[in-house]
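The values are calculated or read from the model by the stated rules, or taken from the named source; none is laboratory data. Remember, predicted model here, so these are calculated numbers, not experimental data. For neighbour counting, all protein chains shown are included, and Cβ atoms are generated from backbone atoms with ideal geometry for every residue, glycine included. Surface accessibility is based on the protein's heavy atoms, side chains included, excluding ligands, DNA and RNA. Shrake-Rupley method; radii C 1.70, N 1.55, O 1.52, S 1.80 Å.
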Amino acid sequence: MPKLNAAAILFISAFGQIESKLRGHSRLSSTSGRRLGITTISGACTVANFSSKITGGESELASLLGTINNTDEMQNALDEKCRAALEGSVDLSDSTGRGPQFLKNFLDGGTAWNENYDEEISVLDSVQYTTSVFSPPDGGTSTAYPQYFSNFYLGDMECPLGAIECCYTSTRSSSSFSGNADICAFDMASASKSNHILDSSITYYDTASSNQAFCTGFAFDKGSFGDAVKYNTLFHMAMKENLYNSGYVKNIPGAPLCGCVEQMPIVDKVDCIEAVEGYTINDTTGEIGVSISWQSCSDEGTLKSYYNDVLHKSQMEKFFFNKKIVDAGTCDVAAESFMNDQMLVTI
C-alpha cells in the first residue's frame, strides 16, 4: 500500500469532516445558530416591534424571553424586562465628573461653563447617555438637603406640569447670540432656591425688545417613556446640544438656567425636542436595554403646540402651562396680565 504524505492526510481529514456534516453526523451547538450581538428595536416595547426585528420572529423571541410562543405571555415578559431597563441606573450628577454642587450651580446659571468661555467642556462628548437611564440628580445630597436640585421640584413633586425648560442669554461660540424668544415677566419667588431671593420680587421686561433669549424644552406624560428618560433628555438638551454643540450659556437674570416650566419666566416661544423610544435585545441572553434618540417635536416644533396638541394633558394643566409660555408676539399682553395678577400697574 503506498504511503500518504502529510498533505494528502490533511486533505482526507478535512474532506471527512465536511462529508460527516453533510450527512448530518455533526450538529451545531445550541447557540451557534444565533447571531451573537445586539439588535436595536425602534418604537414601543411590544411583541410586534421586537419580533419584526429578530431573526426567527416570534418563536425566537419566545425562546429569548423564556416563555411559550404566546403573544400575551411574551408581552408580559417584555413589559417586565422593559420596565426594569427603564429604571434609573446612573445618577445625573455623576455625568459631568464634577459632583452635585457643580451641576446644581450650572443649572442655576453659574460655574465656569457659563462664565469662562475658555473652560474645557470636552468631557460632555464622552458621556454615554443613550443606553443607560439617568436617575434624578442627587449625589448623596438628599440625606442632608432634600430636593437639593430644587430646579426640578415643587414641594415633593417632580415638575408637576411635566415640562422642563432651559433659557439662555449669551453664547461662548465665536458667532453672535441669536435668540428665539421674548421675555415677558417673571415672579422670582418661584425659583427662590436658585436665585436665593427670599422676599417677593418680580421682573417686568421691556417687551419692545425682541428675541432676548434662546429657550428650548421638552414635555412628557406621566408614566411614559419620555418621563422615564427625562434626565437623559435634560443632559442631551442642556449639556450636549445647547452647551457643547451650540455654545449657549448664561441664564435669564433671576431665573434658573434650566428647571421646571413653573420656575421659569413667562416667554413667548420655546423650541421643543422629544425622546424617541427604542430598546435593544441581546441575541444570546435575551437581556433588554434602552436605546434613546431625540428629534424635534412633531406638531410645529414648539413646546407650546406639543404640550397642548400632542400630549394627554388635562385642561387645568394646559391652563397653567399656557400662563408660562404664551403665544408668539403677545408678550406685552401677557406681561400686563401678570402685573394685574400681582395687583400692580406699569408706569
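Can you tell me how much longer the chain between GLU241 and ASN116 gets when fully stretched, taken as 0.36 nm per residue apart minus their C-alpha distance, in nm with one decimal? List each step's numbers first, then the result.
Numbers: separation 125, 0.36 × 125 = 45.00 nm, distance 1.83 nm.
Length difference between fully extended and current span is 43.2 nm.
Apply the a/c threshold of 1.5 to the C-alpha gyration tensor of the stretch 218-325 and tell me whether it is rounded, prolate or oblate.
oblate
As a test of reading the structure, rank VAL123, VAL47 by solvent-accessible area (1.4 Å probe, protein chains only), most first. Don't skip to the end; give the middle numbers.
Working: VAL123 55, VAL47 5 Å².
Output order, biggest surface exposure first: VAL123, VAL47.
With an 8 Å Cα cut-off and a minimum separation of 6 or more residues, compute the relative contact order for the stretch 159-225 in percent. Don't skip to the answer; put the middle values down first.
Numbers: 91 pairs, mean separation 31.3, N = 67.
In percent, rounded to a whole number, it is 47.
From the phi of every residue in the stretch 298-304, what ³J(HN,Hα) in whole Hz does the Karplus formula 6.51 cos²θ - 1.76 cosθ + 1.60 yield, where θ is phi - 60° and glycine or proline is x?
5, 6, 6, x, 10, 5, 4
Among SER337, SER150, SER176, which one moves the most in a GNM of the chain with springs linking Cα atoms closer than 10 Å?
Result for the chain, Cα springs under 10 Å: SER176 fluctuates most.
With the full set of protein chains in place, find how many percent of the accessible area of the chain is carbon and sulfur; take the probe as 1.4 Å.
On the way: 9010 of 17700 Å².
Taking all protein chains in place, the chain shows 51 percent carbon and sulfur surface.
Of the labelled options (1) 1.17; (2) 0.98; (3) 1.00, which one gives Rg/Rh (Cα atoms, Kirkwood Rh) as computed for this structure?
(1)
Taking the Cβ of PHE225 as the center, what net charge do the other residues with Cβ under 14 Å away carry, scoring Lys and Arg +1 and Asp and Glu -1? Kindly include the intermediate steps, with their values, before the conclusion.
Details: positive: ARG83, LYS222, LYS230; negative: ASP79, GLU87, ASP221, ASP227, GLU274, GLU277.
Within the 14 Å Cβ shell, the charges total -3.
Provide THR55, THR96, THR280 ordered by accessible surface of protein heavy atoms (probe 1.4 Å), highest first. Spell out each step's value before the answer.
Working: THR55 100, THR96 5, THR280 25 Å².
Per-residue accessible area, sorted high to low, gives THR55, THR280, THR96.
Under a 1.4 Å probe, what is the accessible area of the chain per residue, stated in Å²?
Values: 17700 Å² over 347 residues.
Value for the chain: 51 Å² per residue.
Taking 7 Å along the Cα-to-C-beta vector as the label spot, tell me the GLU73-SER173 distance in nanometres, rounded to one decimal.
For GLU73 paired with SER173, the spin-label model returns 5.4 nm.
Which value, in Å² and to the nearest 10, is the accessible area of GLU287 when all protein chains are kept and the probe is 1.4 Å?
Around 130 Å² of this residue is reachable by solvent.
Averaged over every viewing direction, what's the projected area of the C-alpha convex hull for the stretch 209-257? Give it in nm², one decimal, please. Display every interim value, and only then the final one.
On the way: hull surface 17.6 nm².
For the Cα atoms of the stretch 209-257, the hull's average projected area reads 4.4 nm².
From the phi angles alone, apply the Karplus equation (6.51, -1.76, 1.60; θ = phi - 60°) to the stretch 252-262 and give each ³J(HN,Hα) in whole Hz, x where the residue is Gly or Pro.
So the Karplus estimates, Gly and Pro as x, are 5, x, x, 10, x, 5, 9, x, 4, 4, 5 Hz.
What lysines sit close enough to LYS304 to cross-link, taking a C-alpha to C-alpha distance under 19 Å and skipping anything fewer than 8 places away on the same chain?
Within the straight-line cut-off, LYS304 pairs with LYS222, LYS230, LYS269, LYS313, LYS318, LYS323, LYS324.
Test of understanding: what is the full-extension gain from VAL345 to ASP327, defined as 0.36 nm times their sequence separation minus their Cα-Cα distance?
Working it through step by step, the gained length comes to 4.3 nm.
I want the local charge near SER132. Using Cβ-Cβ distances under 15 Å, sum +1 for each Lys or Arg and -1 for each Asp or Glu among the other residues. Please report the intermediate quantities before stating the final value.
Details: positive: LYS230, LYS240; negative: GLU87, ASP91, ASP94, GLU287.
That works out to -2.
Find how much the distance from SER305 to THR143 grows on full extension, using 0.36 nm per residue of separation minus their present alpha carbon separation; answer in nm with one decimal. Numbers along the way, then the final one.
On the way: separation 162, 0.36 × 162 = 58.32 nm, distance 3.89 nm.
Residue separation times 0.36 nm, minus the Cα-Cα distance, leaves 54.4 nm.
Protein chains only, probe 1.4 Å: how do PHE321, PHE338 rank by accessible area, largest first? Intermediate results must be reported in sequence, preceding the final value.
On the way: PHE321 0, PHE338 25 Å².
Final ranking, largest accessible area leading: PHE338, PHE321.
Give me a comma-separated list of calculated 3J(HN,Hα) values for the stretch 46-52, in order, Karplus coefficients 6.51, -1.76, 1.60 applied at θ = phi - 60°, integers in Hz, x for any Gly or Pro.
Once θ is set to phi - 60°, the couplings for the stretch 46-52 become 10, 4, 4, 5, 5, 5, 6 Hz.
Taking the Cβ-Cβ separation of TYR204 and GLU87 as r and a Förster radius of 41 Å, what is the calculated FRET efficiency to the nearest 0.05?
Numbers: r = 44 Å, r/R0 = 1.08.
After rounding to 0.05, the efficiency reads 0.40.
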